[in-house]
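The values are calculated or read from the model by the stated rules, or taken from the named source; none is laboratory data. Bear in mind the structure is a predicted one, so any value in this text is a computation, not a measurement. Counting neighbours? That spans all protein chains shown, and the Cβs are built from the backbone with ideal geometry, glycine included.
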Amino acid sequence: MNLITIVGARPQFIKAAPVSAALLASGTIRERILHTGQHFDDDMSEVFFRELAIPHPAWSLGIGGGLHSAMTGAQMAAIEQVLVVEKPDAVLLYGDTNSTLAGALAAAKLHIPVAHVEAGLRSFNRRMPEEINRVLTDHVSHWLFAPTDAAVTHLRQEGIAAANVHQVGDVMYDAVLRFAAVARERTRRAGVCGAVANRPFVLATAHRAENTDAPERLRTIVEALVRLAAEVDVVWPLHPRTRKVLAQQRIAVDALPSLHVVDPLGYLDMIELQSAAQLIVTDSGGMQKEAFFFGKPCVTLRDETEWVELVEAGWNRLAPPTSVEALLAAMRSAIGSSGRPVKPYGEGDAAPRIARILLGDAA
């Protein structure tokens, strides 16, 4: 099987690592990677390829930035050129970014079967660009690799053929199991964990457009984190988009020495921080799950989440950043809490299951 994997953003690199290893181990699937360049700088891209031993991209398009339609259209046109020449047997996609949708549409219009990892997730908020991307990708995919029972239910309700849907578990669980030991053995990056060594701390991130593009929501997040940092250390790896908006809005994030604002971190640094933190505060879908994998409570800075099972089990709580007091109360109450023992994301063998399914259909 001749397979082209299309990635472009930080979460996709993490998901690709265990799957690429499983595809290589199959001995039958030839995978080559196309990197759209949606995330293109070292902190958001290259460090992941180095740390996670992902095959170096065969194609790097360098298409990132700009408005959603412009980015998606440019990526789609460039991807199409590659697919026309290479004529792969299938295209493999991850998640819900603009790169995902661009790859799905380009492949589908060339009648190349699409495999979608993390199929069936729904926030039911069509204002989110990610929701549009994931719904459209699912509906042109041949293999839909769903991470949870809820995702399978969503696909069934939308009329997707059951034969095309495969509940394989979550590849991010595979990644944590694969790399957590490696992260523990590494020396923590100077100035990140060193500043909070042997002290309780909270790990925070915020990058989604619904928060960064809404000044009042972003100000609420900053003020709540500043006030929380007066009580417990807070480590905040700052996404480039968030840093840019903070500068434009002249919002200061250096009010307290206990609010440690740092540059974006590689995957190994991040999972090391997550495993040591008391609490994860984030608007990232992936970090909601990683918090659970490490047995940490999570406060999600959103109005809804795709990972509803973690809210239902008490590991995650939704805290829309519309009120500083409410957000601060959610964070305070989450520290030291835990949820019910559940196992919604499989056994950590999603990647080899994906490889076996692809091989079975190709045989």
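For segment 136-158, what are the residues that are of a type outside the set (Gly, Ala, Ser) and buried (at least 19 other Cβ atoms within 10 Å of the Cβ)?
Narrowing segment 136-158 to residues of a type outside the set (Gly, Ala, Ser): 136-140, 142-145, 147-149, 152-158.
Of everything in segment 136-158, those that are of a type outside the set (Gly, Ala, Ser) and buried (at least 19 other Cβ atoms within 10 Å of the Cβ) turn out to be Thr137, Asp138, Trp143, Leu144, Phe145, Pro147, Thr148, Val152, His154, Leu155.
Taken together, the residues in segment 213-246 that are within 24 Å of the chain's Cα centre (by Cα) and over 16 Å from Val261 (Cα atoms) amount to 5. Arg134 passes every criterion in (1) charged (D, E, K, R); (2) out of contact with any helix residue (DSSP H, G or I) (no Cβ under 9 Å at 6 or more places or on another chain); (3) at pLDDT 95 or above apart from (2).
Restricting to segment 73-113, count the residues that are surrounded by 24 or more Cβ atoms within 10 Å (Cβ to Cβ) and either not assigned by TED's automatic domain parsing to the domain that holds Trp143 or not in a loop (DSSP other than H, G, I, E, B) (or both). So that I can check it myself, show each step before the final result.
Residues of segment 73-113 surrounded by 24 or more Cβ atoms within 10 Å (Cβ to Cβ): 75, 79, 91-104, 107.
Next, from what is left, pick out any that are either not assigned by TED's automatic domain parsing to the domain that holds Trp143 or not in a loop (DSSP other than H, G, I, E, B) (or both): 75, 79, 91-94, 98-104, 107.
Looking only at that region, the number is 14.
In the set (1) touching an Asp or Glu at 6+ places or on another chain (Cβ under 9 Å); (2) closer than 19 Å to Phe201 by Cβ, the condition left unmet by Val245 is number (2).
Quick check on segment 293-313: of everything there that is in contact (Cβ under 8 Å) with a residue 40 or more places away in the chain and more than 20 Å from Glu130 (Cα to Cα), which residue is surrounded by the fewest Cβ atoms within 10 Å (Cβ to Cβ)? Top of the filtered list is Gly295.
All of Val232, Val262, Val245 fail the test of being touching a strand residue (DSSP E or B) at 6+ places or on another chain (Cβ under 9 Å), of a type in the set (Val, Ile, Thr), more than 20 Å from Arg332 (Cα to Cα) and not assigned by TED's automatic domain parsing to the domain that holds Ile14, apart from Val262.
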